[in-house]
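*Asks:* Sharing a structure below in structure tokens format, with a few things to ask.
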Amino acid sequence: MFRPLDASDERDRTRLAGDFGLVRNSAGKLIVIDEIQGFPTGLDLIRAELEARRRGRPVGQFLILGSASLETEQLASQRLGTRAETFRLSPIGYAELPGRGWPIAHRG
């Protein structure tokens, strides 16, 4: 089962960081990191990996998720610059979930 890494969780931060962490060993993988606002140094790790690509080392792709606050957006912009693209997504409505209908039935 697919599970994004939660950057606010100490165990997941440990899995991401270091010479043997997922960020450093991302070649050929998609690394999904949620709650990046809880791990701002993670952006530095990702930036270093993306710089390694310029030196010819294969690196993976990163999908970074988190709360859209001005502080988080500025931090990502400062640390990743033009290496990142931002997409603003609307919240998912209950009715959009597979197999779900409207949560409230009409009552008479």
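Here, each number is a calculation from the coordinates, and none is a lab measurement. Note that the structure is a prediction, hence the values are computed from the model and not measured. Because the Cβ atoms are built from the backbone with ideal geometry, glycine has one as well, and the counts that use them run over all protein chains shown.
*Asks:* Would you mind ranking 19, 9 so that the residue whose beta carbon has the fewest other beta carbons within 10 Å leads the list?
*Replies:* So the ranking, lowest neighbour count to highest, is 19, 9.
*Asks:* A further question on this structure: How much length is gained on full extension from residue 70 to residue 20, taking 0.36 nm per residue of separation minus their Cα-Cα distance?
*Replies:* Additional length available on full extension: 14.8 nm.
*Asks:* Something else now. Compute the angle between helix 41-54 and the longest alpha-carbon principal axis of the chain, please, reported from 0 to 90 degrees and rounded to the nearest 10.
*Replies:* 60
*Asks:* Report the FRET efficiency, 1/(1 + (r/R0)^6), for residue 41 and residue 77, where r is their Cβ-Cβ distance and R0 is 25 Å, rounded to 0.05.
*Replies:* Values: r = 16 Å, r/R0 = 0.64.
E(calc), rounded to 0.05, equals 0.95.
*Asks:* A further question on this structure: What is the helix-to-structure angle for 70-80, meaning the angle in degrees between its Cα long axis and the longest Cα principal axis of the chain, kept from 0 to 90 and rounded to the nearest 10?
*Replies:* Relative to the chain, helix 70-80 is tipped by roughly 30 degrees.
*Asks:* Can you order the peptides 52-60, 10-18, 30-38 by their average number of other Cβ atoms within 10 Å per residue, highest first?
*Replies:* The packing order, highest mean first, is 30-38, 10-18, 52-60.
*Asks:* Quick check: from the Cα gyration tensor, does region 5-83 come out rounded (a/c under 1.5), prolate or oblate?
*Replies:* Here region 5-83 falls in the oblate category.
*Asks:* Also, quick follow-up: Label residue 86 and residue 9 with points 7 Å out from Cα along Cα→Cβ: what is the distance between them in nm?
*Replies:* Using points 7 Å along Cα→Cβ, the separation is 2.7 nm.
*Asks:* Compute the relative contact order of region 5-83 as a whole-number percentage, counting only Cα pairs closer than 8 Å that sit 6 or more residues apart in sequence.
*Replies:* Relative CO of region 5-83 lands at 32 percent.
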